[in-house]
Amino acid sequence: MNKNKDFFIKLSKVDLDISNFNHEYRLINSKKKIKKHQKILNNISLEIKNGEKLGIIGPNGAGKSTLLRLIAEIYKPTSGSYEKKGTCIGFFGNIFYDEYLLGIEFIKNSLMLFGHSKKQIDHEINNIIDFIDIGDYIYKTFHTYSEGMKARVSLATVIFAKPSILLIDEGIGAGDRFFIEKTRKIIDKILFETPILIMSSHDEDLLSKFCKKSILMNNGEIVKSGETSEILDYYKSEIFKDKLSN
């Protein structure tokens with residue numbers, strides 16, 4: 001599916017203003033003091049080419065998740081330019097489920113939305129079901145699922161879609177530890193083979209494993225970029241901690 005080698009993401013001087021956000025975002029952040037035209041992302045310039053894996057590092061509230069959602073085109077920039085080439089799919093954890101949709105229906109419908117043909121889905125569906133490993137629950141509705149089961153289904157659907165651009169926000173390695181460890185080799189293989197991977201995480205080992213380069217974000221801005229080990233060292237340094245306290 002990823003025959004084209006010209007995949008890329010390019011953001012140039014991108015700003016995102018609070019006025020672009022919907023009512024749901026405002027409710028979630030209702031306890032924060034948010035100005036009417038406050039910038040959530042400020043002057044973001046970033047270019048990611050085919051074959052690159054990028055980590056996003058920073059404290060809570062730095063803008064990491066917001067940047068991923070902008071790249072996924074959930075949010076639109078207030079100003080600046082954003083270009084991409086390739087199928088972009090995000091795993092953000094909080095996926096909407098129709099509680100009365102069968103697990104198997106969710107997988108098939110999602111893969112069709114991601115651009116897979118019926119023939120491709122039929123070819124992969126048994127591998128996906130085996131990977132999820134929830135027995136007959138795959139033929140039951142979501143309202144009978146535990147949160148762990150829902151996470152298995154959504155993660156499997158995203159990674160088996162094999163997009164050219166995969167965005168992950170704290171999803172891999174959280175929640176169902178037994179499942180993650182059991183399927184680690186498969187997950188690792190798919191992530192390494194993904195043409196462009198952008199991952200936000202507080203897990204240093206995970207970032208170091210998959211991402212050669214990273215950016216450090218704070219207050220909606222990219223404050224540093226470079227090798228992942230260098231960015232992690234700076235993030236933990238007293239210099240950066242002093243900047244956070246000022």
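Near Lys53: Cβ cut-off under 9 Å, other residues only, Lys/Arg at +1 and Asp/Glu at -1. The net charge is +1. Cβ crowding within 10 Å ranks Leu207, Leu16 as Leu207, Leu16, fewest other Cβ atoms first.
Simple spin-label estimate for Glu83 and Lys209 gives 3.5 nm between the two label positions (7 Å along the Cα-to-Cβ direction from each Cα). Compared with the dominant principal axis of the Cα atoms in the chain, helix 184-193 is inclined by about 60°.
Computed about the Cα centre, the dipole magnitude for the chain is approximately 660 debye when only Lys and Arg (+1) and Asp and Glu (-1) carry charge, each at its Cβ.
The trypsin sites (Lys or Arg not before Pro) of the range 99-181 include none that meets both criteria, a DSSP state outside H, G, I, E and B (loop) and at most 10 other C-beta atoms within 10 angstrom of the site's C-beta. Here the sum of -39500 (n - 2.57) over DSSP H runs of 4 or more residues, divided by the residues of the chain, equals -11000 deg cm²/dmol at 222 nm, to the nearest 500. I'd like the orientation of helix 103-113 relative to the chain: the angle between its Cα long axis and the longest Cα principal axis, in ° from 0 to 90, rounded to 10. Tilt of helix 103-113: around 60 degrees.
Within a straight-line Cα-Cα reach of under 16 Å, Lys209 can be paired with the following aspartates and glutamates, leaving aside sequence neighbours fewer than 8 residues apart in one chain: Glu52, Asp169, Glu170, Glu181, Asp188, Glu193, Glu227, Glu230, Asp233.
Listed from fewest to most Cβ neighbours within 10 Å, the set Phe178, Phe240 follows the order Phe178, Phe240.
Amide H to amide H distances under 5 Å link Gly226 with Ser214, where only residues 5 or more positions off or on other chains count and H is placed in the peptide plane. Positive end of the dipole of the chain (Cβ unit charges, origin at the Cα centre): among Tyr100, Ala156, Gly226, the Cα lying farthest that way belongs to Gly226. Taking other Cβ atoms within 10 Å as a rough exposure proxy, Asp169, Asp122 sort from fewest to most as Asp122, Asp169. Once the Cα-Cα distance is subtracted from the 0.36 nm per residue extended length, the His123 to Asp15 segment shows a gain of 34.7 nm.
Apply 1/(1 + (r/R0)^6) to the Cβ-Cβ distance of Glu193 and Ser245, taking R0 = 30 Å, and write down the FRET efficiency to the nearest 0.05. Calculated value: 0.10. When only Cα pairs below 8 angstrom with a gap of at least 6 residues are kept, the chain shows a relative contact order of 28 percent.
The lysine pair count for the range 64-155, using Cα distances under 19 Å and pairs eight or more places apart or on different chains, is 9.
A short reminder: the numbers here are calculations on the coordinates, not readings from a lab. A quick note: this is a predicted structure, and the numbers were derived from the prediction, not measured. Note that we place each Cβ from the backbone using ideal geometry, even for glycine, and neighbour counts take in every protein chain shown.
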